[in-house]
Protein chains: 2
Amino acid sequence: MAVVLVTGARGFVGRPLVRQLLEQGHEVHAVTSAASEADNAVHWHQCDLLDLAQVAELCRQVQARQLVHLAWCAKPGSYWTSPDNLRWVGATLQLLEQFRFQGGDAAVVAGTCAEYDWRTGFMQEAFTPLQPTTVYGRCKRSCSELAGVFSQLHDMPVAWGRIFQAYGPHEAAGRLLPSVIAALSQGQEAHCSHGQQLRDFIHVDDVASALLHLLAARASGAFNIGNGLPQRLAEAVEYVADRLGRANLLRLGSVAVSPEEPPLLVADVRKLKALGWQGRFDLRDGLDDTLAWWQCQG
Amino acid sequence: MAVVLVTGARGFVGRPLVRQLLEQGHEVHAVTSAASEADNAVHWHQCDLLDLAQVAELCRQVQARQLVHLAWCAKPGSYWTSPDNLRWVGATLQLLEQFRFQGGDAAVVAGTCAEYDWRTGFMQEAFTPLQPTTVYGRCKRSCSELAGVFSQLHDMPVAWGRIFQAYGPHEAAGRLLPSVIAALSQGQEAHCSHGQQLRDFIHVDDVASALLHLLAARASGAFNIGNGLPQRLAEAVEYVADRLGRANLLRLGSVAVSPEEPPLLVADVRKLKALGWQGRFDLRDGLDDTLAWWQCQG
């Protein structure tokens, strides 16, 4: 049992991650920028992570041994270009410093496949150029470099998990699968591109378990978090449409593909798997789980 | 005439830069972390640049149109590995943000040739890999990337000057030329490596004028700041020894060269010169000026 501090605990990845930590018997302290909600199992802390004084006080209070840092500006649509990305770089470094100052021992931070140069297709930690073109990608990439410097300077493990195409419960409504599921569930047409793009889909529960695996292993450096399997977008949406009995409403090819959209974007996950991690979901199981969750949302 | 805010104004580059700004008729506001010294020409402000609240108040008070940001952890010996390098990344971003928020219009920031992969020798902004191995180089390199993101997001020019082998008055005592000058002036032997390494020497007054040139030109992005001329270390120290009449005390070759020390480290300065900048000093004039200054220190 460890005292674990989790930021972004109410986010897409944070929710299953907190649940898994509780199942493993850890004492979970979770950060929220809004007023705390009642929760018997989790210790909620209200804190603006962009405010150094509040971060210092948070870390002093919690005295965590382990840190999972998921928070970042993540507002759908705007996060690719938001100036807040710059603030989160400094905030991440401040959090690591204060966490360590109060006895912190190992951390894992959420990175993104957007740190890579997407033209290369198959992303390998030790080889693929880190030449992102977006504000989000450039800031996350710089932050991963600086987190590496921090880890080296203080001899504290900091793992950086570059997350690929995550899907599952609580995925933001505007993204591909939720919007297809919503349209079809309401008996409306779902308009998609041709769907031939190959992506590395990973269920969000597996993202969470991979991050916690890195933390428990006291891993350092960058790790791709994906399944390593190239699967067509069309395969995912066709399966969903079939399960909803609405294959007739799926309009593959009705939306043009941007010339910048890479045909293949897949993680080399050998480095992660070498640490003994295995995902629980294949794509169909993961989509069944996701559909079951959406059905409960009514 | 512009209102210009200068950080690191008491440093090696800051001193001549402030003097040049005053000569050009600007209103100069300079930051110091210690108590202000009396100075009729410069407006001194006491501020800890690592403290966001103090930075916000500073920028609110000064309402500068232009910013020259030179401050960084620069303690000789320790700055290559200091954890403070990480803090200065966040501090630089905060300063840029607060400066702009209060009406700031253009900025120039001091970078370093240590951002490059030194194995490549001839450093070109658009081509040479940015793969530094030191803490200092990695943090400056990340900061240059993030300053570029800031500049792009806010459509405000931020020039990043990568400074090469600067020398001149007020250079830190432990560095090559000051230590050779000090030893020879005291009639002691000066121990050096073989001195065949080729370096890009630039007088600190020329560094200052280059930075101000970038600022006035509203330049954006990275610019090498050097003379572009490969000159042997031995050439510099032999000239100094001759002028001091102590050539007999110079011991070239008595110190081993580290295998990691690059044989050639020279800037491509075409990008800077294309903006119309020219240096004032060749190596001999610059060394004469430096020696004259040391003699006045008695």
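So is A:Ala241 more than 14 Å from chain B (Cβ to nearest Cβ), farther than 22 Å from A:Glu97 by Cα, over 21 Å from the mean Cα position of the chain (by Cα) and open to solvent by 10 Å² or more (accessible area, probe 1.4 Å) or not? Against the criterion (more than 14 Å from chain B (Cβ to nearest Cβ), farther than 22 Å from A:Glu97 by Cα, over 21 Å from the mean Cα position of the chain (by Cα) and open to solvent by 10 Å² or more (accessible area, probe 1.4 Å)), A:Ala241 does not qualify.
Can you confirm whether A:Arg175 is under 21 Å from A:Gly77 (Cβ atoms) and open to solvent by less than 30 Å² (accessible area, probe 1.4 Å)? Step through it out loud before you land on a result.
On the way: under 21 Å from A:Gly77 (Cβ atoms): yes; open to solvent by less than 30 Å² (accessible area, probe 1.4 Å): no.
No, not satisfied.
The residue pairs whose first member lies in region B:129-152 and is part of a loop (DSSP other than H, G, I, E, B), whose second member is open to solvent by 10 Å² or more (accessible area, probe 1.4 Å), and whose beta carbons are closer than 6 Å, counting only pairs six or more residues apart or on different chains, are B:Pro129/B:Asp117; B:Leu130/B:Arg141; B:Gln131/B:Asp117; B:Pro132/B:Arg138; B:Pro132/B:Arg141; B:Thr134/B:Trp80.
Residue check: is A:Val180 touching a strand residue (DSSP E or B) at 6+ places or on another chain (Cβ under 8 Å), within 24 Å of A:Arg10 (Cβ to Cβ) and more than 14 Å from chain B (Cβ to nearest Cβ)?
Working: touching a strand residue (DSSP E or B) at 6+ places or on another chain (Cβ under 8 Å): yes; within 24 Å of A:Arg10 (Cβ to Cβ): no; more than 14 Å from chain B (Cβ to nearest Cβ): yes.
So A:Val180 does not fit the description; no.
One residue stands out among those in region A:141-172 that are within 11 Å of another protein chain (Cβ to nearest Cβ) and open to solvent by less than 10 Å² (accessible area, probe 1.4 Å): the one that is nearest to A:Cys296 (Cα to Cα), which is A:Cys143.
Within region B:72-105, being among the polar types (S, T, N, Q), more than 11 Å from every other protein chain (Cβ to nearest Cβ) and within 18 Å of the chain's Cα centre (by Cα) holds for one residue alone: B:Ser78. Return only the number of the condition from (1) open to solvent by less than 70 Å² (accessible area, probe 1.4 Å); (2) more than 18 Å from B:Asp200 (Cα to Cα); (3) not assigned by TED's automatic domain parsing to the domain that holds B:Gln188 that B:Ala274 does not satisfy. Unmet for B:Ala274, out of (1) open to solvent by less than 70 Å² (accessible area, probe 1.4 Å); (2) more than 18 Å from B:Asp200 (Cα to Cα); (3) not assigned by TED's automatic domain parsing to the domain that holds B:Gln188: (1). Residues in region A:67-115 that are part of a loop (DSSP other than H, G, I, E, B) and under 19 Å from A:Ala219 (Cβ atoms) were compared, and the one that is most open to solvent (accessible area, probe 1.4 Å) is A:Asp105.
Would you mind finding the one in A:Thr133, A:Thr120 that is within 14 Å of chain B (Cβ to nearest Cβ) and open to solvent by 40 Å² or more (accessible area, probe 1.4 Å)? Break it down stepwise before answering.
Working: A:Thr120 fails: within 14 Å of chain B (Cβ to nearest Cβ).
Exactly one of A:Thr133, A:Thr120 is within 14 Å of chain B (Cβ to nearest Cβ) and open to solvent by 40 Å² or more (accessible area, probe 1.4 Å), namely A:Thr133.
Scanning region A:193-230 for residues that are of a type in the set (Lys, Arg) and either assigned to a loop (DSSP other than H, G, I, E, B) or without any contact (Cβ under 8 Å) to a residue 60 or more places away in the chain (or both) returns a single hit, A:Arg218.
The values are calculated or read from the model by the stated rules, or taken from the named source; none is laboratory data. As the structure is a computational prediction, the values presented were derived from the model and not from experiment. Cβ coordinates were reconstructed from backbone atoms using ideal geometry, including for glycine residues, and neighbour counts include every protein chain displayed. Side chains included, ligands, DNA and RNA excluded: accessible areas come from the protein's heavy atoms. Shrake-Rupley method; radii C 1.70, N 1.55, O 1.52, S 1.80 Å.
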